[in-house]
Amino acid sequence: MLRSRNRQRVQAKIGSSAVNLQTLPNMLDELLHEAGDDGIEVCLSQAASVPPSEHEAVCQEYQLRYARAVEAMDEERGPATFGGKREDSDYPDWHRGSHLSYWESTSGFVYVALCQEGSSLKLVAGARPHPFERDTITLLPPPA
């Protein structure tokens, strides 16, 4: 595996083809530029149906994965603009995760979240551009 100087891309040789892998911060920056008004979210890891006997161990593993993702983002972008749990009063209403950290820039937000729905766990990341107003365009002639 070769790592570029600026740590933006990693090129791995798998069989006869090369695969370009990106760091999480760079992937989220690209998603931010591609996101529509509602944003884009990708699943980084998922435990679809966790048996009750393994639930605590899997939760701990996913909390560790979430912490590592936040740490990677903090190293690249600095401290998160927000980091907290769903129960926190300042938790944003645009996300449903149980834990969320986001970093704001002039273009919008990039985030990492831990989502727990029933017996499933997901680590997700995404991007939400800042909303902007558009002028209304009509194709009808002006009223007479």
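Ordering His99, His55 by the number of other Cβ atoms within 10 Å of each residue's own Cβ, fewest first, gives His55, His99. The fewest-to-most ranking of Val112, Val50 by surrounding Cβ atoms within 10 Å reads Val50, Val112. Which values of log₁₀ I(q)/I(0), to two decimal places, follow from the Debye formula for segment 17-144 at q = 0.12, 0.13 Å⁻¹ with a uniform point scatterer at every Cα? Computed log10 I(q)/I(0) values: -0.53, -0.60. When Cys43, Cys115, Cys59 are arranged by Cβ crowding within 10 Å, least crowded first, meaning fewest neighbours, the order is Cys43, Cys59, Cys115.
For segment 40-88, a Kirkwood hydrodynamic radius built from all Cα pairs, placed in the Stokes-Einstein relation at 25 °C and 0.890 mPa s, yields a translational diffusion coefficient of 191 µm²/s.
A short reminder: the numbers here are calculations on the coordinates, not readings from a lab. Bear in mind that the values here come from a model prediction, so they are computed numbers and not experimental data. All Cβ positions, glycine included, derive from the backbone under ideal geometry; neighbour counts span all protein chains shown.
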